[in-house]
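Beneath this line is the structure, given in structure tokens, with notes to follow.
The values are calculated or read from the model by the stated rules, or taken from the named source; none is laboratory data. Everything numeric here is computed off the predicted structure, so don't read it as measured data. Ideal geometry is used to build each Cβ from the backbone, glycine not excepted, and the neighbour counts take in all protein chains shown.
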Amino acid sequence: MPAVKKTVDSVEALERYQHGFITTVDQEFAPKGLSADIVRFISAKKQEPEWMLEWRLAAYERWLAMDEPDWAKVSFPKIDYQDSYYYAAPKEKIGPMSLDEVDPEILATYAKLGIPLREQEVLAGVQGAPKYAVDAVFDSVSVVTTFKKELAAVGVIFCSFSEAVREHPELVKKYLGTVVPASDNYFACLNSAVFSDGSFVYVPPGVRCPMELSTYFRINAAESGQFERTLIIADKGAYVSYLEGCTAPMRDENQLHAAVVELVTLDDAEIKYSTVQNWYPGDPETGKGGIYNFVTKRADCRGDRSKVSWTQVETGSAITWKYPSCVLRGKDSVGEFYSIAITNGRQQADTGTKMIHLGEGTRSRIISKGISAGRSSNTYRGLVSAHPKAKGARNFTQCDSLLIGKTCAAHTVPYIEARNGQSVFEHEATTTRLSDDQLFYVMQRGLSQEEAVQLLVNGFVKDVLQELPMEFAVEAQKLVAISLEGSVG
Amino acid sequence: MTLSLALEARDLSQLPSRRDEDWRWTDLRGLIRELPAPSPEATADVSAGPFGTEGEAELLVVNGRVCGDAGLLVLREGEARVVRLRFVSATAATGHGVKLAVSLAPGAHLTLLESYEGQAPDYLVDAALNVRLETGARLERVVLAGDHAEGVSVSTASVSLAPGADFAQTVLTDGARRQRLETRVEHPGESAVVRMDGAYLIADRRHADLTTAVNHSGTDGTTDQLVKGVVADQGRGVFQGRITVSPGADRTDARMGHHALLLSDRAEVNAKPELLIFADDVACAHGNTVGALDEDALFYAQQRGIPEAEARAMLTEAFIGEVIDRIVHNGAREVARAWAAKRRVG
């Protein structure tokens, strides 16, 4: 089992959080706080057309009238929305630029994170290694997007969101906010007002995107939040696999990350969306610092026989609060959700999915594996619902929770709403701890306790790991090991 | 926010609404536009309740007023008794609340045959039962909720157990205009045993909500729960089950199952089986299924010469039968079986 071997190898090279460094780079900030003027400032910085500014301002008005939700099983001091920077960007010109123009410090940052920004570096890798294009978002701006030419040759648009607003306004206008409306929820509404950058992908009809696309989000600036927006459209019969990664420096303050991701699949299209979330989780002992990850992710399977598959590995963040969802509108459309959520230290996670069956013959599958250790709390919350018209809808849900230690918590809160007599929903959940017998057996074979735990945990999450694209699977496996470090003994 | 508060204070804003997480599927504020007049004293026809003459004593509550001997619900050490407890709502378009306490001394054994009888439409009832079981006491509670199709009723039982107590209940209902049957159990662990079953058979436009919450606070506790439901026409069934295992409640064994059949295209089932676990040495699981009758089983039955309607009825009865078979008291089990047979909603 090479995968397991990989984990065991990586154990020795562990650090607590490897991406906690800070990059010193000249940055430009919007004044602290949030007001209509800040919204205008961001829009002006992005050189946005009037309609985009109006959209933002309308969202801001609505946000002012909304109350912050409090139903999740997470607790944190009240966020002061006026005490944060809503725009932070490296002092460079905005817009498309060549790699040579990017601040070398930033390039060094991505090199340190292991993200290839130079196309030749990707190509210089092992022969036959899969290629993937990267959109690198640094605080509030996208610094570079690779392989754009090669992608454009087959008609795939892959660019930063601000570029899409300028270059492809008709597509943005047509799809923006149609999956997650500006007023959807408190954090999505905030994002709609102040979002700064993110990725935009359009795959034209019948095109199978020739490489994996990925966006790498990095929060660097202090006292700032990151509010990116991602919009991916797979036109009829198209296919794209998209990866998202994220890290942040170790800081004593909490930083808000409130992103919105919208996916649209038309007839026979498929999007595979994978996330390895590794935001700074805060200090494991004191719980100080770390990212608040309050994200709205939703896919609209508009077309018949379309498919969206979410795979997520959640290891970071002080607080995770997100539910990647599928609205299964098209006939026979399919939604999948595979998740590993690991909490350690004082992390809190309330995460899961929503599968909303609207169309006939729609199917969904949810596999969720939650692991809690330390003094953390890990909640699976999921909704499966079938509309009266969703005849023949099917869902299978499996949620397993694993507890490591006496001071952590694991919760399972599924919601099932069935509104017609021809749908079939099955849900099963278990909560257990690592079996002493298994641990004993593995340790008897010569593994240390920590290695034994990691081996068993890798077995526990195997169903989800195998859904990840290859290059992510390896990273995810390392992350599992890192996240659980110090959880036993 | 509770119905009883709203009735006491005569204040509509005290009614729970869908914005209250625990009431998201049983909205009272949206339903009740004005609070009805308080129920008058009434002499209802109380000849025989759904449990007939099972048991040896009866405690009758008509329009919220206790008519029988309330002392029947206090059992001395080692005492054993089978008691019928009947809540009768006799007057249309009125509302009332009632609170009763049940207390079992160490080693006492009570079989409580509880019925809700709606004799007139449009009533609003809130019944609260406070139950205490001392060490080694045993209570089997069988509830038959026979509310009026146009009645609105909320029944809440709060149960606290001493170590070694044994609490078992089966709640059977065919719904009402809006109905909630809620049970909250404080489970001390330490060999106390809880069984919390339920069945709902809902047709027309009725609504039934079975909500339970069990909180395990000590080690070595057991909870076993099986709830099944069949919903036809435009009926709506709600199941909310929460099992909490508090820090330190090690070796808790908790299992929850909820299974529902939807027999029409407009029937609805909403379920939320929750596990909240704060201890690591536990075995907790829940299963939840919602679907239609098994076509293969139907086909098989028809192939053996059983007409479709009858085959459906047979299959649903067998489905619910699993819950009824777990009732320990023989008489109550037979009453429950007859109840289920009469309400075949196939």
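Which of the following residues is closer than 30 Å to residue A:417 by Cα and buried (at least 17 other Cβ atoms within 10 Å of the Cβ): B:39, B:17, B:89, B:115?
Details: B:39 fails: closer than 30 Å to residue A:417 by Cα; B:17 fails: buried (at least 17 other Cβ atoms within 10 Å of the Cβ); B:89 fails: closer than 30 Å to residue A:417 by Cα.
Sole residue among the options that is closer than 30 Å to residue A:417 by Cα and buried (at least 17 other Cβ atoms within 10 Å of the Cβ): B:115.
Could you run through the stretch B:287-297 and say how many residues are facing chain A (nearest Cβ under 7 Å) and either in a loop (DSSP other than H, G, I, E, B) or buried (at least 24 other Cβ atoms within 10 Å of the Cβ) (or both)?
Initial filter on the stretch B:287-297 (facing chain A (nearest Cβ under 7 Å)): B:287-292.
Narrowing the set further to residues that are either in a loop (DSSP other than H, G, I, E, B) or buried (at least 24 other Cβ atoms within 10 Å of the Cβ) (or both) leaves B:288, B:290, B:292.
Matching residues across the stretch B:287-297 total 3.
Residue B:268 - would you say it is of a type in the set (D, E, K, R), surrounded by fewer than 20 Cβ atoms within 10 Å (Cβ to Cβ) and on the phi < 0 side of the Ramachandran plot?
Numbers: of a type in the set (D, E, K, R): yes; surrounded by fewer than 20 Cβ atoms within 10 Å (Cβ to Cβ): no; on the phi < 0 side of the Ramachandran plot: yes.
Answer is no for this residue.
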Problem - Filter result for residue A:191 (closer than 29 Å to residue A:68 by Cα and assigned to a helix (DSSP H, G or I)) - result: yes
Exercise for the section: Quickly run through the stretch A:167-203 and pick out the residues that are at pLDDT 95 or above and at positive phi. Expected result: none
Exercise for the section: Could you tell me whether the stretch B:69-85 includes any residue that is at pLDDT below 95, in contact with a strand residue (DSSP E or B) (Cβ under 8 Å, 6 or more places away or on another chain), surrounded by fewer than 18 Cβ atoms within 10 Å (Cβ to Cβ) and not polar (S, T, N, Q)? Expected result: yes
Exercise for the section: Identify the single condition in (1) out of contact with any Leu (no Cβ under 8 Å at 6 or more places or on another chain); (2) at negative phi; (3) of a type in the set (Gly, Ala, Ser); (4) surrounded by fewer than 24 Cβ atoms within 10 Å (Cβ to Cβ) that residue B:311 does not satisfy, given that it satisfies every other one. Expected result: (1)
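Hey, any hits in the stretch A:326-345 for a residue that's away from chain B (no Cβ under 12 Å), basic (Lys, Arg) and part of a strand (DSSP E or B)? Can you show your working first?
Applying the first criterion (away from chain B (no Cβ under 12 Å)) to the stretch A:326-345 yields A:326-345.
Okay, now just the ones that are also basic (Lys, Arg), so A:329, A:331.
So of that shortlist, the ones also part of a strand (DSSP E or B) come out as none.
No, there is no match, as no residue in the stretch A:326-345 is away from chain B (no Cβ under 12 Å), basic (Lys, Arg) and part of a strand (DSSP E or B).
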Practice task
May I ask you to list pairs of residues, at least six apart or on different chains, whose Cβ atoms are under 6 Å apart, with the first in the stretch A:411-426 being at the interface with chain B (Cβ under 7 Å from one of its Cβ atoms) and assigned to a strand (DSSP E or B) and the second being surrounded by fewer than 23 Cβ atoms within 10 Å (Cβ to Cβ) and among the polar types (S, T, N, Q)?
Solution key: A:417/A:385; A:417/B:270; A:426/B:289
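Go through B:213, B:199, B:249, B:279 for me and flag whichever is aliphatic (A, V, I, L, M), more than 10 Å from chain A (Cβ to nearest Cβ) and not in a strand (DSSP E or B). Even if it seems obvious, please write down each step before you answer.
On the way: B:213 fails: not in a strand (DSSP E or B); B:199 fails: not in a strand (DSSP E or B); B:279 fails: more than 10 Å from chain A (Cβ to nearest Cβ).
Within the list B:213, B:199, B:249, B:279, the selection yields B:249.
Going by the structure shown, is residue A:401 in a strand (DSSP E or B), over 30 Å from residue A:285 (Cβ atoms) and modelled with pLDDT of 90 or more? Even if it seems obvious, please write down each step before you answer.
Working: in a strand (DSSP E or B): yes; over 30 Å from residue A:285 (Cβ atoms): no; modelled with pLDDT of 90 or more: yes.
Considered against the rule, which asks whether it is in a strand (DSSP E or B), over 30 Å from residue A:285 (Cβ atoms) and modelled with pLDDT of 90 or more, residue A:401 comes out as no.
For the stretch B:120-171, how many residues meet the condition of being aromatic (Phe, Trp, Tyr) and part of a loop (DSSP other than H, G, I, E, B)? I'd like the intermediate steps shown before the answer.
Just the residues of the stretch B:120-171 that are aromatic (Phe, Trp, Tyr), to begin with: B:123, B:167.
Filter once more, keeping what is part of a loop (DSSP other than H, G, I, E, B): B:123.
Number satisfying all stated conditions: 1.
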Problem - Check on residue B:161, modelled with pLDDT of 95 or more, closer than 18 Å to residue B:70 by Cα and surrounded by 22 or more Cβ atoms within 10 Å (Cβ to Cβ) - result: no
Practice task
Hey, can you tell me all the residues within the stretch A:436-467 that are charged (D, E, K, R), surrounded by 14 or more Cβ atoms within 10 Å (Cβ to Cβ) and over 24 Å from residue A:399 (Cβ atoms)?
Solution key: A:450, A:451
Practice task
Starting from the stretch A:207-234, keep only residues that are closer than 20 Å to residue A:164 by Cβ and in contact (Cβ under 8 Å) with a residue 40 or more places away in the chain, then list their pairs with residues that are acidic (Asp, Glu) and not in a strand (DSSP E or B) whose Cβ atoms are within a distance under 6 Å, requiring at least 6 positions of separation or different chains.
Solution key: A:228/A:197
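Scan the stretch A:346-370 for residues that are part of a loop (DSSP other than H, G, I, E, B) and among the basic types (Lys, Arg) and jot them down. Break it down stepwise before answering.
Looking only at the stretch A:346-370, we keep the residues that are part of a loop (DSSP other than H, G, I, E, B), and these are A:346-347, A:352-353, A:358-362.
Result: A:346, single match.
If we keep just the residues of the stretch B:252-276 that are of a type in the set (Gly, Ala, Ser) and part of a strand (DSSP E or B), which is nearest to the other protein chains (Cβ to nearest Cβ)?
Of all residues in the stretch B:252-276, those of a type in the set (Gly, Ala, Ser) come to B:254, B:257, B:260, B:264, B:267, B:271.
In the following step, the residues that additionally are part of a strand (DSSP E or B) were identified as B:254, B:257, B:260, B:271.
Details: B:254: 9, B:257: 10, B:260: 7, B:271: 4 Å.
So the residue we want is B:271.
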Exercise for the section: Could you tell me whether residue A:373 is in contact (Cβ under 8 Å) with a residue 60 or more places away in the chain, touching a helix residue (DSSP H, G or I) at 6+ places or on another chain (Cβ under 9 Å) and either on the phi < 0 side of the Ramachandran plot or crowded, with 22+ Cβ neighbours inside 10 Å (or both)? Expected result: yes
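Hey, can you tell me all the residues within the stretch B:38-76 that are of a type in the set (Asp, Glu) and not in a loop (DSSP other than H, G, I, E, B)?
So the first thing to find is which residues in the stretch B:38-76 are of a type in the set (Asp, Glu), and the list is B:41, B:45, B:54, B:56, B:58, B:69.
Answer for the stretch B:38-76, where residues must be of a type in the set (Asp, Glu) and not in a loop (DSSP other than H, G, I, E, B): just B:58.
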Exercise for the section: Looking at (1) touching a residue at least 60 places away in the same chain (Cβ under 8 Å); (2) crowded, with 24+ Cβ neighbours inside 10 Å; (3) under 25 Å from residue A:460 (Cβ atoms); (4) not basic (Lys, Arg), find the lone condition where residue A:367 falls short. Expected result: (2)
Practice task
Provide a single number: the residues in the stretch A:239-262 that are part of a loop (DSSP other than H, G, I, E, B) and over 18 Å from residue A:175 (Cβ atoms).
Solution key: 7
Problem - Restricting the stretch A:427-459 to residues that are without any contact (Cβ under 8 Å) to a residue 40 or more places away in the chain and part of a strand (DSSP E or B), the residue that is nearest to residue B:262 (Cα to Cα) - result: A:428
Practice task
Identify the residue in the stretch A:371-398 that is part of a strand (DSSP E or B) and either within 7 Å of another protein chain (Cβ to nearest Cβ) or among the hydroxyl-bearing types (Ser, Thr, Tyr) (or both) and, among all such residues, is farthest from residue A:462 (Cα to Cα).
Solution key: A:385
